[in-house]
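The values are calculated or read from the model by the stated rules, or taken from the named source; none is laboratory data. Everything numeric here is computed off the predicted structure, so don't read it as measured data. Neighbour counts run over all protein chains shown; Cβ positions are idealised from the backbone, glycine included.
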Amino acid sequence: MASIASATAAPVLALSPGRVALGRTLRHGGFWVGGGILLVILVAAILAPLLTAHDPTWQDLGKRLVPPVWDARGSWEHPLGTDQLGRDYLARLIYGGRISLLIGFATVLISGAIGTALGIAAGYWGGRVDLLINFVLTIRLTLPVVLVALVVVALAGNSLTILMLVIGLLLWDRFAIVTRSATQQIASREFIVAAQAIGSSTGRILFKEILPNITGPLIVVASVELAHAILLEAALSFLGLGVQPPLFTWGLMIAEAKNQLFFRPWLIAVPGAALVALIFAINLVGDAVRDVTAPEGRA
Amino acid sequence: MIGKTIRHLAIGAAALLAGSGAALAGKANDTFVWATGTEIGPPDLYYGNQREVLIISYAQCDSLLHRDPVSNEYKPLLAESWTWTSPTTLELVLRKGVKFHDGREFGAQDVADTLNHVSRPDSGMQIRVIIDWIKNVEVVAPDKVRIHAKAATPAALEFLSGTTPIYPRGHYESAPSVPAPDGKTRRDWGAVKPMCTGPYILKDHKPGQSVTLVKNPSYFAGSPKGKPQIGTIVYRTIKDADTQVAELLTGGVDWIWGVPPENAKQLGAMPNVVVQSAATMRMSFLSLDAAGRTGDTPLKDLRVRRAIFHAIDREAIAKNLVGEGAAVQKSLCVPVQFGCTTDVPDYPYDPAKAKALLKEAGHSNLSIPFYAYRDRPYSEAVLNYLRQAGIKPELKFLQWQALRPLIIEGKTEMAHLTFGSNGILDASASTSYYFRHSVDDYARDPEVRDWLAEADTSTDPEKRKALYAKALKKINEQAYAVPLFIYGRTYAYSKDFDFPLTQDEMAHFYMARWK
Amino acid sequence: MLRFIVQRLLVTALVIAVTSMVAFSLVHLTGDPAAAMAGENAAPEDVEAIRRTYGFDRPIWEQYLTWVGRFLAGDFGRSHYLKLGVGEVLAEHMPVTATLGVLALAFALGLSIPLGVAAALRPNTIVDRVALWIAVAGQALPSFLFALGLIYVFGVLLRWLPVSGDATWQHFILPSVALGYYATPAIMRLTRSGMMEALQSDHVRTARAFGLSRWRVVVRHGLRHAIIPVVSLAAVQLGFMLGGSIVIETVFSLKGLGYLAWQSIQRADIEVIQAILLVIAATYAVLTLLADILNAALDPRIRIG
């Protein structure tokens, strides 16, 4: 099983433990570009009501599919036009990041908690615990993520809660793999041995000694999984089983515009570009943290 | 610019399809190809209730009666004449000299075998309402059968036309035995290829891909369905709507339906294509929990229900969103159905009045779950109108299989539902379905129930009409449900093809010809 | 080595057994299969009838054992929608997905190995950066969006390739690119790091010192060592692709397993759904097993760890 783990986690496994070198991060170009985009999207999502006068769910069926301003028939009233229910597309774009980000962060909290707990346990205790956790991990990796998510959501219904739970319960594998190997590397180091020798409680060792020392790799995995969760929600939305209106995400906007590909491609291009920018920014930040915490592992 | 895109697309598709071995469609080959996105199994209407199977079944098979799709009159098909000898006994004299496609003579035993098989409680037939009224079928003579009904069934003639094809005696005996989850085996009745007497012969069926029908040269003269004209009719499953359009434009396909309204105009501008729209039998409405099945809901208040009525611009949804062929629905039935009246109280779109009514009822800030399962853009449009009137609906959009149990268990306060009455042209299939205290009835009005029960079993047409009208008026007066719109369908087909457009969401290809 | 293989075989068998339970309970516990199959507006009595006909009223473990027993005997169940044996249905859809998976993997390897080698030969230069960016772009692009983009550019604007269906080999080009691109970042990174490690190893330095041609050194001594983990990763990625092809197959209307799965979910054809879940999971498990054995055969060090 070890080789499965090493194969899938190879890019992040090569990390050496250590504290995140903040100063070096701040001098990293990718971090500034990615962080900048991320900040813009976050601020836009939070301050959405100040950025547009339109309500993103207000429909006007008399004004369906108005073209964007660069088209001869467009106007500044709806700079990006309107969608198939006559809703302002710019407003939907600005608000659309909110739920994507919420789903991303919530599922990373769930999957991060599960994966880290299992990973640290496997790495610290080793032996049978390790074997058992590895087995569970293998089962999880064997199940096709998109298909399982689709089956559950189709049969159990797709509320926001179910969606976050399903994605969160599916995406913990990388957390487990990375924390396990990071913990293994630390567990034999002097300060842990010393802590054990002076009789520190196991809980204290796990939370005060090990956890802080694996934050670097954890942040990297969290960034990967954040992007992964947002993409998975978008894929589910694309197949019609994502979030529910009046909530909407960029993935749902693309899904709703699917049939317009030939005649009104901008309806797909606009939310598509936003989604790509968000994922790209998250990846850049993650890569920057990886570069700084483990330069030799950058590849 | 958009017209240009379509032309590009058409030329592109032509270039791509060349050499792909697509079956040649069109007048020159006397082969008519139609396509939709549905995958179908063996086209047995009793075990596969897709619209496409209905279309194929009409062409391949005959029922006892035929309902003329234009005049809506019942005409003799496999039965030459029929009489009600008692309120629950229907006697039919059968046509002589009719042969099945395999050459066997058609007779009374075939009718009895087919109907007795499907009306068995464990037959596994999908739309039971069509045959559930039958107690049993008795062979009186080689050309005479007697159908015994469980109760008086004025809609029996409707059930016996079109939707109940007759197969030869012993037809289902060849059904394969397949493993059942209890470790034993069960018979998969639906796996038998239909064998019929109709104007077209089933030549080939590739599950999930295609069905090929060829003209029946010895189809009996005097059939109200007429002599078949087109040589070969091929059904193809093409999942992707854009591919359907591309194939239509390049002549790989002669007929498609369900063209989205926003694309209909562009498609109609193409030289080799005709685009037409027509109404269907599918209605779209809001079911409101007036009876309080879900508990103490604000929807028990008549003012709230009327406010919901006033809040929705049904005209805009039908005209602008659902598009050509669609119409505002006035009452809880489809106007083509017997007994359906549109002369009922109505509540025009008036958001201010809706708000005032809600305020009066003390529910200015009403938050309520809103269940839906089909055509999300339409549900979303309704939802947004409710929001604009100050109601806060929480949309729960589920797959049908997830929503259905909730409806049955009485958990859906407000649900956006659609129903096609199983293609039955009688208000007993729509109004009575929802208001006779069934699991779907969220009004539970005993008065309405009694009127409908009487209407459903009375044999006097005028009396039936009056009773349905009374029920429909009260339903709207009490705003038990909000009828929204009747779906339209847009058909697009080759200009060489003479398509008999009807208002019943059907394609009567056996009546079609080339121009 | 034999002990290693036997041990891995047992673990794989156990994994498949547990996965089959998960697949079965997912379908049976998250919803009511009888209600789902009964279809629109079925009366409660009809649902009850279906529940009895199909045996859904029996304890779930009993149903599971019956299902597994039949599965082992080669009977995969019956599609209640298509009225065909599940085995037949799977046999019809499997080749499409297998073709797509292999072509996608070929595309991924063909793009990422040269990129990885190039990056390793010129680390921290513009070559390295560009290679990395090409690969990373694959991570930021949602597969369905990439697929739609390919359709728009190559199908609508340029009209070079067909965009829907699986009639000819040309139909597989765009889907393979869309699916394969997703696997490039991981393979590229692994090739790059493996290559760098190999190039810094003693025997490569020695070979260089002996004046062997650069190309020969790269291929004979560098790539040969770097490729070992890539083979293993490629097998795992192929498994991922089989599971992830559902979106791509849907976009391109390719009638493969993913497409079938999505159709079956929509029409509640539960025996097909659970069979597909199991087949995909088992394929993944077997591919991983093969990768492990291959790895062990090529690199004896692994067997110890």
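Residue pairs whose Cβ atoms lie under 7 Å apart, separated by 6 or more positions or on different chains, with the first residue in segment C:213-230 and in contact (Cβ under 8 Å) with a residue 12 or more places away in the chain and the second loosely packed, with under 12 Cβ neighbours inside 10 Å, are C:H221/C:H203.
Matching residues to (1) touching a Lys or Arg at 6+ places or on another chain (Cβ under 9 Å); (2) of a type outside the set (F, W, Y):
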{"position": "B:K184", "(1), (2)": "no, yes"}
{"position": "B:K193", "(1), (2)": "no, yes"}
{"position": "B:D204", "(1), (2)": "no, yes"}
{"position": "B:Q209", "(1), (2)": "yes, yes"}
{"position": "B:F220", "(1), (2)": "yes, no"}
{"position": "B:T232", "(1), (2)": "yes, yes"}
{"position": "B:Y235", "(1), (2)": "no, no"}
{"position": "B:T243", "(1), (2)": "no, yes"}
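Of the listed requirements (1) touching an Asp or Glu at 6+ places or on another chain (Cβ under 8 Å); (2) assigned to a loop (DSSP other than H, G, I, E, B), B:P271 misses just one: (1). If you go through segment C:127-162 and keep only what is over 16 Å from C:G180 (Cβ atoms), of a type outside the set (A, V, I, L, M) and crowded, with 21+ Cβ neighbours inside 10 Å, you end up with C:G155, C:P162. For segment B:226-255, a residue qualifies if it is within 14 Å of another protein chain (Cβ to nearest Cβ) and either part of a strand (DSSP E or B) or among the polar types (S, T, N, Q) (or both), and the qualifying residues are B:R236, B:T237, B:T243, B:Q244, B:T250. When segment B:372-386 is examined, which residues are found to be touching a Ser or Thr at 6+ places or on another chain (Cβ under 8 Å) and crowded, with 24+ Cβ neighbours inside 10 Å? If the condition is that a residue be touching a Ser or Thr at 6+ places or on another chain (Cβ under 8 Å) and crowded, with 24+ Cβ neighbours inside 10 Å, then B:A372 is the only one that fits. Could you look through segment A:246-270, keep only residues that are more than 17 Å from the chain's Cα centre (by Cα) and at the interface with chain C (Cβ under 9 Å from one of its Cβ atoms), and pick out the one that is modelled with the lowest pLDDT? The selected residue is A:F262.
Look at (1) modelled with pLDDT of 90 or more; (2) in a loop (DSSP other than H, G, I, E, B) and you find that B:G390 fails only one, number (1). Here C:T250 meets the list (1) within 19 Å of the chain's Cα centre (by Cα); (2) modelled with pLDDT under 80 almost entirely, failing just condition (2). Considering C:A297, C:A226, C:A282, the condition of being part of a helix (DSSP H, G or I) and at the interface with chain A (Cβ under 9 Å from one of its Cβ atoms) is satisfied by C:A282 alone.
When each of C:H221, C:H171 is tested for being in a helix (DSSP H, G or I) and touching a helix residue (DSSP H, G or I) at 6+ places or on another chain (Cβ under 7 Å), the lone residue that passes is C:H221.
Of all residues in segment B:178-194, those being over 16 Å from C:S79 (Cβ atoms) and among the small types (G, A, S) number 1.
Looking only at segment A:116-132, decide whether some residue is of a type in the set (S, T, Y) and within 13 Å of another protein chain (Cβ to nearest Cβ). Within segment A:116-132, not a single residue is of a type in the set (S, T, Y) and within 13 Å of another protein chain (Cβ to nearest Cβ).
Taken together, the criteria exclude A:V136 from residues that are within 13 Å of chain C (Cβ to nearest Cβ), under 15 Å from C:I273 (Cβ atoms) and either under 24 Å from the mean Cα position of the chain (by Cα) or not in a helix (DSSP H, G or I) (or both). Every residue in segment B:170-213 that is among the small types (G, A, S) and within 14 Å of chain C (Cβ to nearest Cβ), please. Within segment B:170-213, B:S174, B:A175, B:S177, B:A180, B:G183, B:G190, B:A191, B:G208, B:S210 meet the criteria. Filtered by the rule that a residue be buried (at least 20 other Cβ atoms within 10 Å of the Cβ), at pLDDT 85 or above, within 8 Å of chain B (Cβ to nearest Cβ) and at negative phi, segment C:42-78 gives C:Q63, C:W67, C:R78. Every condition in (1) at pLDDT 85 or above; (2) more than 25 Å from the chain's Cα centre (by Cα); (3) among the hydrophobic types (A, V, I, L, M, F, W, C) is met by B:A246 except one, and the failing one is (1). In this entry, B:Q109 passes the filter for residues that are among the polar types (S, T, N, Q) and surrounded by fewer than 17 Cβ atoms within 10 Å (Cβ to Cβ). All conditions but one from (1) more than 24 Å from B:P154 (Cα to Cα); (2) crowded, with 19+ Cβ neighbours inside 10 Å; (3) within 14 Å of chain C (Cβ to nearest Cβ); (4) not small (G, A, S) apply to B:D122; the one that does not is (2).
When B:D132, B:D110, B:D68, B:D102 are checked against the criterion of being of a type in the set (D, E), closer than 16 Å to B:I147 by Cβ and touching a residue at least 40 places away in the same chain (Cβ under 8 Å), a single residue qualifies: B:D110. Could you tell me whether A:F263 is in contact with a Gly (Cβ under 7 Å, 6 or more places away or on another chain) and not in a helix (DSSP H, G or I)? The answer is no for A:F263. Restricting A:I192, A:I114 to those that are in a helix (DSSP H, G or I), modelled with pLDDT of 90 or more and touching a helix residue (DSSP H, G or I) at 6+ places or on another chain (Cβ under 8 Å) reduces the list to A:I114. With respect to the stated conditions, A:L155 is without any contact (Cβ under 8 Å) to a residue 40 or more places away in the chain, within 26 Å of C:Y284 (Cβ to Cβ) and aliphatic (A, V, I, L, M). Does at least one position in segment B:415-423 carry a residue that is away from every other protein chain (no Cβ under 11 Å), assigned to a strand (DSSP E or B), in contact (Cβ under 8 Å) with a residue 60 or more places away in the chain and among the hydrophobic types (A, V, I, L, M, F, W, C)? Scanning segment B:415-423 turns up at least one residue that is away from every other protein chain (no Cβ under 11 Å), assigned to a strand (DSSP E or B), in contact (Cβ under 8 Å) with a residue 60 or more places away in the chain and among the hydrophobic types (A, V, I, L, M, F, W, C). Here B:V214 fits the description: surrounded by fewer than 19 Cβ atoms within 10 Å (Cβ to Cβ) and in a strand (DSSP E or B).
Just name the residue that is surrounded by the most Cβ atoms within 10 Å (Cβ to Cβ) out of those in segment A:164-189 that are outside any helix (DSSP H, G or I) and modelled with pLDDT under 80. If we take residues in segment A:164-189 being outside any helix (DSSP H, G or I) and modelled with pLDDT under 80, then A:R189 is surrounded by the most Cβ atoms within 10 Å (Cβ to Cβ). Scanning segment B:184-209 for residues that are modelled with pLDDT of 90 or more and touching a Ser or Thr at 6+ places or on another chain (Cβ under 6 Å) yields B:V192, B:K203, B:D204. Listed by position, the helices (runs of 4 or more DSSP H) enclosed by segment B:427-515 that each have at least 2 residues that are in contact (Cβ under 8 Å) with a residue 12 or more places away in the chain and surrounded by fewer than 19 Cβ atoms within 10 Å (Cβ to Cβ) are B:446-457, B:461-477.
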